[in-house]
Each structure stands twice: as structure tokens, then as C-alpha cells.
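Below is one structure, written out as C-alpha cells, with a few remarks after it.
Quick note: the coordinates plus some simple rules give every number you see, no bench work behind them. Quick caveat: nothing in here was measured; it's all calculated off a predicted structure. Cβ atoms come from the backbone with ideal geometry, glycine included; neighbour counts cover every protein chain shown.
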Amino acid sequence: MDEQLKGAAWSVGLWGVLSVIFGALVLAWPGITLKVFLIVLGVYLLATGVTLGIGSLVNRGNHWVGGAVIGALSAIAGLYVFANPKISALAVLTVIAIWAIATGGLSLVAGLEGKNNWWMILFGAALVLFGFYIFANPGGGALTLVWLLGVTMIFSGIMEVVVAMRLGALSRRSRTRSA
């Protein structure tokens, strides 16, 4: 069990770090062109999708299916962005909204299944709200959405790192008890 927790901590922690880096890059260049934004978005989605998907498949814990599904959705979204570089801004926003709602919904379910998982619940809720905001305000301006995306990714990345640290602590406690 402690190896599964350790693997999950590693995977979620890396996902969090990648989320913070992505958010910081978005905020550092708010006026970036759609083409550059698509490249950064595609790299982020593909990298986090592969990381989470492989981490979930290698460390088949209690919730490995959810992690594998989130990883697959993220990787597919990243590949879609790369395959369609001339995609319209509305289509990009739709992909981001669908990804945010799906990932947030799965995170909410995972958070609600256990005790004291309020970080996962906050993370999921933030992503779901972000996704619905995009659907509700497609004409709200690309710059506003870029800023919101950057802040959301930094916030969710910090929460992912906190969850990873908690999983790591659980793993260490589990090893101490079994020793």
C-alpha cells in the first residue's frame, strides 16, 4: 500500500508542479498570440496526461481508473490541439472548458469518496466552475480567459502539490507502522 501511495504522491506532485509552471507562463505573457498559447497548452495537456496516465497505470491503487481517465483526456486534448493548429478561438475555449469540467468532476468524485479530502474537492470545484465560466462567457475576451486560466492552473497546481505531500506523509506513516 505504501508503494501505491508513494507512486500516487509522485504522480500528483509532478502534475501540480507542471500546473504551476503552466500557470506562471500564461501569466508572464498575457498578450501571447493564439498560436503560442496553443503550443504551450498542447505541451501542458500532453505532458500532464502522459504523466498522470502512466503514473496511474503503474501504481494501480484504489482510484487508478480515475487518474488514467484524466490522463487520457488530457493527452487526447493535447494531441487534438497539436493536430489542429489553425483551430478557432472558440474551439480552443471549448476544449479547455470540456477538459476543466471533466477533470474537475472526476476530482470532485475522488475527493468525496474519502475522508478529509477537501483539497481535492476545492481543486475539482475550481476546475468545474472555470469550465462553466468559459461556456457561459465565450466572448468575454481572450486576455481575461488567459489570466483566469493562469490563476486557475497555479491555484490547482498548489492544491495538487499539497495533496501529493499528504499522500507522501501517508506513505511514510504506512512504512513506519509496517516496520
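A few comments on the model shown:
- Residue exposure sequence - Thr152, Thr51 - by fewest surrounding Cβ within 10 Å: Thr51, Thr152
- Theoretical ellipticity at 222 nm over the chain - DSSP helices of four or more residues, -39500 (n - 2.57) apiece, nearest 500: -30500 deg cm²/dmol
- The mean sequence distance of close C-alpha pairs (under 8 Å, at least 6 residues apart), as a share of the length of the chain, puts its relative contact order at 37 percent.
- Among Gly157, Asn117, Trp29 - extreme Cα towards positive end, dipole of the range 2-178, charges at beta-carbon: Asn117
- Modelled this way, with points 7 Å down the Cα-to-C-beta line, the labels at Leu57 and Ala83 are 1.8 nm from one another.
- For the range 50-126: rounded, prolate or oblate by the Cα gyration tensor [a/c cutoff 1.5]: oblate
- Overall form of the range 2-178 per C-alpha gyration tensor (a/c, 1.5; a/b vs b/c): prolate
- Pairwise FRET efficiency - Ala28 versus Leu90, Cβ, R0 = 30 Å, nearest 0.05: 0.75
- Contour excess over end-to-end distance, with Cα ends at Phe132 and Ala72 and 0.36 nm allotted per residue: 19.5 nm
- Neighbour net charge for Ser56 - beta-carbon separation under 15 angstrom, K R +1, D E -1: 0
- For Glu3 and Glu113, the difference between the fully extended length at 0.36 nm per residue and the C-alpha to C-alpha distance is 37.5 nm.
- Nearest-20 debye value, the range 2-178 charge dipole, Cβ charges on Lys, Arg, Asp, Glu: 360
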